[in-house]
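Here is the structure we will look at, set down as structure tokens.
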Amino acid sequence: MSENKVRVRFAPSPTGPLHLGGVRTALYNYLFAKKHSGDFILRIEDTDQTRFVEGAEQYIIDSLTWCGITPDEGPHTAGNFGPYRQSDRKPMYRDYAIQLVESGHAYYAFDTSEELEEMRAMAKKAKMANWQYNNITRMSMKNSLTLPEDEVATRINSGESYTVRIKTPRNEEIRFQDIIRGWVSVNSNNMDDKVILKADNMPTYHLANVVDDYLMKISHVIRGEEWLPSAPLHVLLYKYLGWTENTPQFAHLPLILKPDGNGKLSKRDGDRLGFPVFPLNWLTQEGETYSGYRDQGYFPEAFVNMLAFLGWNPGTPEEIFSLEELVKAFTLDRVSKSGAKFDPEKAKWYNQQYLRSKSDQELAKLLMPLVDTEIPEEKLARIASLMKERASFINDLLEVDYLFDAPKTFDEKTIRKKWKDSSAEIMQNLATHFDSITNFEAEKIEASFKEFLQQTELGMGTVLPLFRLLVTGKAMGPSMFEISELVGKQETLNRLRSGIAIVSEV
Ligand code: GLU
């Protein structure tokens, strides 16, 4: 493996179903890795056991699998940098925290949570803005910087619980270059002394994340904008651990916004706004279902294509890209800095494009499991061909009850506007005329219909709507000649004849 090999990771915490923003982060990581012949790693960040949710890890795997963005390394795949689940790596983090204490970049803190609460309450009373454990306040707290050395040793040896906090420097500019945002600079006086090792000896997100990125030889950290405020601390940790040379490059992705642009599209927006925000259905412990794109009938290719365009564009007007094409076209410098408004209509549009691009045979195969009665594949292919242009989802292709059963209701507006005294006789004659067609195929039916118009000197606008009304019950729809062929000769004639009686009564 060359030292410069691109290695990126998607590092979700299994705290619930993966939001579509999370899938986009995974997708951009995947695209970037594949574009540079690199590795895409899945790492499960489950150090916070209090937020662990049963089934969430499996949901992450299933979502990535559905999207076709398979990790090269991860808890369910082999790899040389495992384990890939942080709870399985527990013992290795503590040493790094102690190393930081020993090199003077971190310290032991003995303050109890009650004491910390007290400090916060006092500060609030004194009308001081949010109290923080930082490079000023730490000197009045109970820690290894303020307590005598022997007392620190006694406390530790007697089993008193403590945390390890990072010792942020005084008044130092922490700078790094973000691929998407350019130079980011933060004064360390605005940072707090974050806990890096908890009282139970478990690392916090920051320590575990940095240690793992280093040990897994991560070259680029591509993640959501919500992690930008943590990046200066991570840069500092790399420096204090002696890994400055190995600091990965950062790229913080823009937020995905609600359709009206007002705020971040949150997990709670799912279904409330009338569209899913999750890739797959998710059943909560309370028995509530959050809907997912897969279960709503979206094709994974359409979902992935739509996601790729939420915050990135190829710089050309072209919008339809397969996963392979995305890999070729993707660059981080075309990812925008500003938030991307989510557009549910665009999601449907993508699905429609992918549906149209499938052959009738492919669609027939997808329809097969959806119809209860046995319908020959050939007929399903014809139905697909007939309905394709009007459908966004596979299910829409079957919104043609009349292909299977005679209509029970007839469009009233058409009856009022088109059904005249002479209509019954015209339809009767049309049925008789069609009776002489031997091969009841769309083309023949059309020719026979035109012949009928000529002979009767009636206009298309008079006869076609009545013909449609009696056979389908509708005012509009696909070609009547195709429909008639699919319905079959006998059934078409039956419907014409029995429809006359029903409609004349209305
Ligand atoms: N575990 C973090 C998350 O849940 C990972 C953030 C990162 O990629 O550094 O998003």
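Throughout, read-outs are computed from the coordinates displayed, never taken from laboratory work. Just so you know, these numbers come straight off a predicted model, no measurement behind them. Glycine gets a Cβ as well: all are built from the backbone with ideal geometry, and neighbour counts include every protein chain shown.
Taking 0.36 nm per residue of separation and subtracting the Cα-Cα distance, full extension of the segment from Asp421 to Glu160 would add 84.2 nm.
Stretching the chain fully between Lys124 and Ile375 yields a gain of 83.2 nm (0.36 nm per residue, less the alpha carbon separation). The mean sequence distance of close C-alpha pairs (under 8 Å, at least 6 residues apart), as a share of the length of the stretch 126-278, puts its relative contact order at 19 percent. Exposed loop positions in the chain were taken to be trypsin sites (Lys or Arg not before Pro) whose DSSP state is not H, G, I, E or B and which have at most 14 other beta-carbon atoms within 10 angstrom. Between these positions, the longest stretch is 6-126. Placing pseudo-labels 7 Å out from each Cα toward the beta carbon at Asn246 and Leu464 gives an inter-label distance of 7.2 nm.
So what's the back-of-envelope 222 nm ellipticity for the chain, counting only DSSP H runs of four-plus at -39500 (n - 2.57) apiece and dividing by all residues, rounded to 500? Kindly include the intermediate steps, with their values, before the conclusion.
On the way: 18 runs with 202 residues, N = 506.
About -12000 deg cm²/dmol.
For the stretch 341-450, averaging the sequence separation of C-alpha pairs within contact (under 8 Å, six or more residues apart) and dividing by the residue count gives a relative contact order of 20 percent.
What the Cβ-Cβ distance of Ala153 and Thr316 gives, at R0 = 60 Å and to the nearest 0.05, is a FRET efficiency of 0.35. If you take the beta carbon distance between Ser479 and Asn80 as r and set R0 to 51 Å, what does 1/(1 + (r/R0)^6) give as a FRET efficiency, to the nearest 0.05? So the FRET efficiency works out to roughly 0.30.
Relative to the longest principal axis of the Cα atoms of the chain, the long axis of helix 442-456 makes an angle of roughly 40 degrees. Helix 231-240 axis versus longest C-alpha principal axis of the chain: approximately 40°, rounded to the nearest ten. Measuring r between the beta carbons of Glu505 and Phe404 and using R0 = 41 Å, the FRET efficiency lands at 0.95.
Given the pairs Lys35/Lys358; Lys5/Lys328; Lys167/Lys264, which are separated by over 22 angstrom at their Cα positions? Please report the intermediate quantities before stating the final value.
Details: Lys35/Lys358 27 Å; Lys5/Lys328 18 Å; Lys167/Lys264 33 Å.
Result: Lys35/Lys358; Lys167/Lys264 exceed 22 Å.
Just to be sure I follow the definition: excluding the sites themselves, where is the longest run in the chain that has none of the GluC sites (Glu not before Pro) in a DSSP loop with at most 16 other Cβ atoms within 10 Å?
Numbers: sites that count: Glu3, Glu54, Glu160, Glu172, Glu286, Glu288, Glu318, Glu319, Glu374, Glu399, Glu441, Glu457.
Between the exposed loop sites, the longest stretch runs 173-285.
To the nearest 10 degrees, how steep is helix 20-35 against the longest Cα principal axis of the chain, on a 0 to 90 scale? Between helix and principal axis, roughly 80 degrees. Charge tally for Thr15 (other residues, Cβ to Cβ under 12 Å; Lys, Arg +1; Asp, Glu -1): -3.
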